[in-house]
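Step one of this worksheet: look at the structure below.
The values are calculated or read from the model by the stated rules, or taken from the named source; none is laboratory data. If you're wondering where the values come from, they're calculated on a predicted model, not measured in any experiment. Cβ: placed from backbone, ideal geometry, glycine included. Neighbour counts: every protein chain shown. Calculation scope for accessible area: heavy atoms of the full protein, side chains included, ligands and nucleic acids excluded. Shrake-Rupley method; radii C 1.70, N 1.55, O 1.52, S 1.80 Å.
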Amino acid sequence: MKTAIGIDLGGTKIAGGVVDEMGAVVVREQLPSDVHHPDQLIAQIAKLAEDLGSPDVVGVGIGAAGLIDHAHGRYLYGPNTGLRDLDLAEMIADAVGMPVSLDNDANCAAWGEHRFGCGRGTRDFLCITLGTGIGGGFVFGGRPYRGAHGGAAEVGHILVDPDGPLCGCGRYGCWEQFASGMALERLAAAEIPAHPDSVLAGEGRIAGPMITRAARDGDAFALDLVARTARWVGWGLASLVNVFEPERIAVAGGIASDWDLFGEDAVTALSERAEAPEYRPMPEVTASALGPDSGVVGAALLVLDPAYR
Ligand SMILES: [Zn+2]
């Protein structure tokens, strides 16, 4: 069976795997990433591809955080990386001696879920990556949708409050400032002084997993933070449903592993704010089926799946 190397290039780590045509990850490896030094980063990716290489590997697919011009293999811009305007696919192809294809990481996760995860059998499908920030990937009519220049589905930067917090993109009040792991942490830091009884009181920096753990233990403050963040998730999804009306929505990223905590409030908020839920089916919203592998599987499909072009 043909295999390809899928690489999920994030702001802090590079996850790689050898993926077969059935979407199974047969070998995997992970490295810390150095996204502020392109030469170093290319050497890291080449090393990972070399380590994972085998005779049946036919190419390398890379899903990278940031704006990507898939058609030309160019990395255009990433708010959280130092990479700008690079012919990244060509640079890596030269280093590894194999064909390389490049796409946005959330687009890859969406295609991975569409082919082998909870988007199977759908034609119109969204995958929303709720992690530190928010990413998105669209499948319309069974095809990936990237927009005119490759920058579509940047749903995290939908404006929801012009007076809201400053975003990594340099603008104010984007959805990811209200509905992400980062938003959850900011809310906790701002309000903890008023909640001395919470188990989170007296902690230094309150990280997202501490909040979800406290919520699972029944901490009232943590449960309230989760519920309010979940509502913002649902309100944003309602706008996406009004615009795109997908059959199904997958939630990937860090928050997906806690979807049992967020899901119910998010889905309630979605049906309260989407237009006319009484007159049409609302999409099913589920945590990604492939979990942290969706990006690696989708990236490999850039090489293996002729429908993912
Ligand atoms: Zn933004």
Residue in the stretch 241-261 that is touching a Gly at 6+ places or on another chain (Cβ under 9 Å), farther than 30 Å from residue 114 by Cα and not small (Gly, Ala, Ser) present: no
Selection from the stretch 235-247 of residues that are surrounded by fewer than 24 Cβ atoms within 10 Å (Cβ to Cβ) and part of a helix (DSSP H, G or I): 235, 238, 239, 240, 241, 242, 243, 244
Residue match in the stretch 114-136 (condition: within 16 Å of the ligand (Cβ to nearest atom), surrounded by fewer than 21 Cβ atoms within 10 Å (Cβ to Cβ) and without any contact (Cβ under 8 Å) to a residue 24 or more places away in the chain): no
Cβ-Cβ under 6 Å pairs, at least 6 apart or on other chains, the stretch 39-62 side on the phi < 0 side of the Ramachandran plot, far side part of a strand (DSSP E or B) and modelled with pLDDT under 90: none
Failed item, numbered, when residue 152 is tested on (1) more than 14 Å from the ligand (Cβ to nearest atom); (2) open to solvent by 10 Å² or more (accessible area, probe 1.4 Å); (3) within 15 Å of residue 299 (Cβ to Cβ): (3)
Residue count, the stretch 50-109 (criterion: over 26 Å from residue 156 (Cβ atoms) and of a type in the set (Ser, Thr, Tyr)): 1
Scan of the stretch 158-201 for residues that are near the ligand (Cβ under 10 Å from one of its atoms) and either over 23 Å from the mean Cα position of the chain (by Cα) or outside any loop (DSSP other than H, G, I, E, B) (or both), ordered by number: 159, 166, 172, 174, 175, 176, 177
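Whether any residue in the stretch 79-91 is assigned to a loop (DSSP other than H, G, I, E, B), surrounded by fewer than 24 Cβ atoms within 10 Å (Cβ to Cβ) and at positive phi is what I want to check. Break it down stepwise before answering.
As a first pass, look at the stretch 79-91 and keep what is assigned to a loop (DSSP other than H, G, I, E, B): 79-83, 87.
Next cut, surrounded by fewer than 24 Cβ atoms within 10 Å (Cβ to Cβ) only: 79-83, 87.
From what's left, at positive phi: none.
No: the stretch 79-91 contains no residue that is assigned to a loop (DSSP other than H, G, I, E, B), surrounded by fewer than 24 Cβ atoms within 10 Å (Cβ to Cβ) and at positive phi.
From the list 228, 213, which residue is of a type in the set (Lys, Arg), open to solvent by 70 Å² or more (accessible area, probe 1.4 Å) and either out of contact with any strand residue (DSSP E or B) (no Cβ under 6 Å at 6 or more places or on another chain) or touching a residue at least 24 places away in the same chain (Cβ under 8 Å) (or both)?
Criteria check complete, one pass: 213.
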Subset tally (residues that are out of contact with any helix residue (DSSP H, G or I) (no Cβ under 7 Å at 6 or more places or on another chain) and open to solvent by 20 Å² or more (accessible area, probe 1.4 Å)) for the stretch 51-70: 8
Pair list, Cβ < 6 Å and 6+ apart or interchain, from the stretch 158-175 residues that are within 17 Å of residue 238 (Cβ to Cβ) to residues that are near the ligand (Cβ under 7 Å from one of its atoms): 174/157; 174/167; 175/156
